[in-house]
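Following: one structure in structure tokens, then a few remarks.
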Amino acid sequence: MKFLKTLMLCMAMMLANLAQAFPTQPVKIITNLPVGSAPDIFARKLSGLLESQWKVPVLVENRPGGAGLVALEYFLRTPNDGHHVFFGDFGFWITMPLLYDKEHLFQQMRPLTIAYNSPWIIVAPPSVKNLADLRQKLRDNPKFGSWGVGSGGHVCGQELSALLKIPTIHVPYKEFGTWFTDTSNGLMSFGCTSVGSSESWINSGKLNYIATAANQRLSSFPNVPTLKELTGHHFESGEAWLAFSTHLKTDDARAAKLEQDIRALARSPEMLAVIQSIRGWPVSSTSAEMQRQRTTTLDQYKVLIKKYNITIN
């Protein structure tokens, strides 16, 4: 018995030392999001703070495409030693596994924390000033864009189309810049996106905000009404969240350190300022809270995807 206690104590000390020494080599944050997007800005600022704390390089690698499947399959081929972290958007965590039937791949991932929420807002060409203008625009051109099939913007757009009772055509884009340019020029009638990704286009007069899909007005644009105010309709796809994970088989001590350090820095004054600048809402959940949130949202979106007949062609 004494030998067993000594052995358990030694193992506990080894795990503690392992966590204390971790990370011992460069860390890579892999994301399905494109360079220049609001989440990419968040990830790159956080990587700099992690690098200063860990004293090792922390790199962000963008691998957009396939609604996140490209990045996920790449991530799962990386070593499970804790030196690879995944940062994904709402569409990656929720709609992609439902549409591509890839939930089995997500079972190989270990939740760490939800970093922040991002409310959706409706963007339209400058000539479209309000919901009545948008109705007329859609009668002439029933197209709307998003950053991918099954993305949060796609689901939000379908919900708005159903609310307006106007059949629409969804056009997926790989790049935000091309999508916003086409919307500005009137090739697309509207889109659902985040303020952080679109605000510069609003400030330059190239796009116009019609309404927010969130259930409350945004402090950064208090004059923009909510869709609920305009229509009385509660939007089920009104906001999204962005989160970190690592490999399921990552050592417990290392996974705990990743969660602890990322959560702590996500709530630091520097990162709260970034979240405010990209117009997000800070969350910083525990891994258990993230898992519960994902389970709840998956059930909700199973209904929405079936309701709006969203499929991969």
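Before we move on, is residue 91 open to solvent by 20 Å² or more (accessible area, probe 1.4 Å), in a helix (DSSP H, G or I) and either basic (Lys, Arg) or touching a strand residue (DSSP E or B) at 6+ places or on another chain (Cβ under 9 Å) (or both)?
no
Which residue pairs have Cβ atoms under 9 Å apart, sit 6 or more places apart or on different chains, and have a first residue in the stretch 211-222 that is loosely packed, with under 15 Cβ neighbours inside 10 Å and a second that is in a loop (DSSP other than H, G, I, E, B) and of a type in the set (Gly, Ala, Ser)?
Short answer, once both residue conditions are applied: 215/238.
Hey, can you tell me all the residues within the stretch 34-43 that are open to solvent by less than 10 Å² (accessible area, probe 1.4 Å) and either touching a His at 6+ places or on another chain (Cβ under 7 Å) or without any contact (Cβ under 8 Å) to a residue 60 or more places away in the chain (or both)?
Across the stretch 34-43, the qualifying residues are 40, 43.
What are the residue pairs meeting all of these: first residue in the stretch 149-166, first residue without any contact (Cβ under 8 Å) to a residue 40 or more places away in the chain and within 18 Å of residue 98 (Cβ to Cβ), second residue of a type outside the set (Val, Ile, Thr) and outside any helix (DSSP H, G or I), Cβ atoms under 7 Å, and 6 or more apart or on different chains?
Listed by first residue and then by second, the contacts come to 157/144; 157/146; 157/170; 157/191; 157/192.
Hey, among 125, 79, which residue is within 27 Å of residue 184 (Cα to Cα), out of contact with any His (no Cβ under 7 Å at 6 or more places or on another chain), surrounded by fewer than 24 Cβ atoms within 10 Å (Cβ to Cβ) and at pLDDT 95 or above?
When all the criteria are applied, what remains is 125.
From the residues in the stretch 128-145 that are outside any helix (DSSP H, G or I) and open to solvent by 60 Å² or more (accessible area, probe 1.4 Å), which one is nearest to residue 102 (Cα to Cα)?
Checked the stretch 128-145; the qualifying residue nearest to residue 102 (Cα to Cα) is 143.
Quick check on the stretch 28-51: of everything there that is at pLDDT 90 or above and among the hydroxyl-bearing types (Ser, Thr, Tyr), which residue is nearest to residue 148 (Cα to Cα)?
31
With respect to residue 250, determine if the residue is over 18 Å from the mean Cα position of the chain (by Cα), crowded, with 19+ Cβ neighbours inside 10 Å and not basic (Lys, Arg).
Criteria met by residue 250.
Go through (1) part of a helix (DSSP H, G or I); (2) within 24 Å of residue 275 (Cα to Cα); (3) at pLDDT below 95; (4) in contact with a strand residue (DSSP E or B) (Cβ under 9 Å, 6 or more places away or on another chain) one by one and return the number of the condition residue 148 breaks.
The one condition residue 148 does not meet is (1).
How many of the residues in the stretch 56-111 are among the charged types (D, E, K, R), at positive phi and touching a Phe, Trp or Tyr at 6+ places or on another chain (Cβ under 6 Å)?
Total satisfying the criteria: 0.
Can you pull out the residues in the stretch 229-247 that are within 19 Å of residue 154 (Cα to Cα) and open to solvent by 30 Å² or more (accessible area, probe 1.4 Å)?
Matches in the stretch 229-247: 233, 234, 236, 239.
Could you go through the stretch 198-210 and let me know if any residue there is under 16 Å from the mean Cα position of the chain (by Cα) and touching a residue at least 24 places away in the same chain (Cβ under 8 Å).
So far as the stretch 198-210 goes, yes, one or more of its residues are under 16 Å from the mean Cα position of the chain (by Cα) and touching a residue at least 24 places away in the same chain (Cβ under 8 Å).
The values are calculated or read from the model by the stated rules, or taken from the named source; none is laboratory data. Keep in mind the model is a prediction, meaning the values are calculated, not measured. Note: ideal-geometry Cβ built from the backbone for every residue, glycine included; neighbour counts use all protein chains shown. Accessible surface areas use protein heavy atoms only, side chains included; no ligands, DNA or RNA. Shrake-Rupley method; radii C 1.70, N 1.55, O 1.52, S 1.80 Å.
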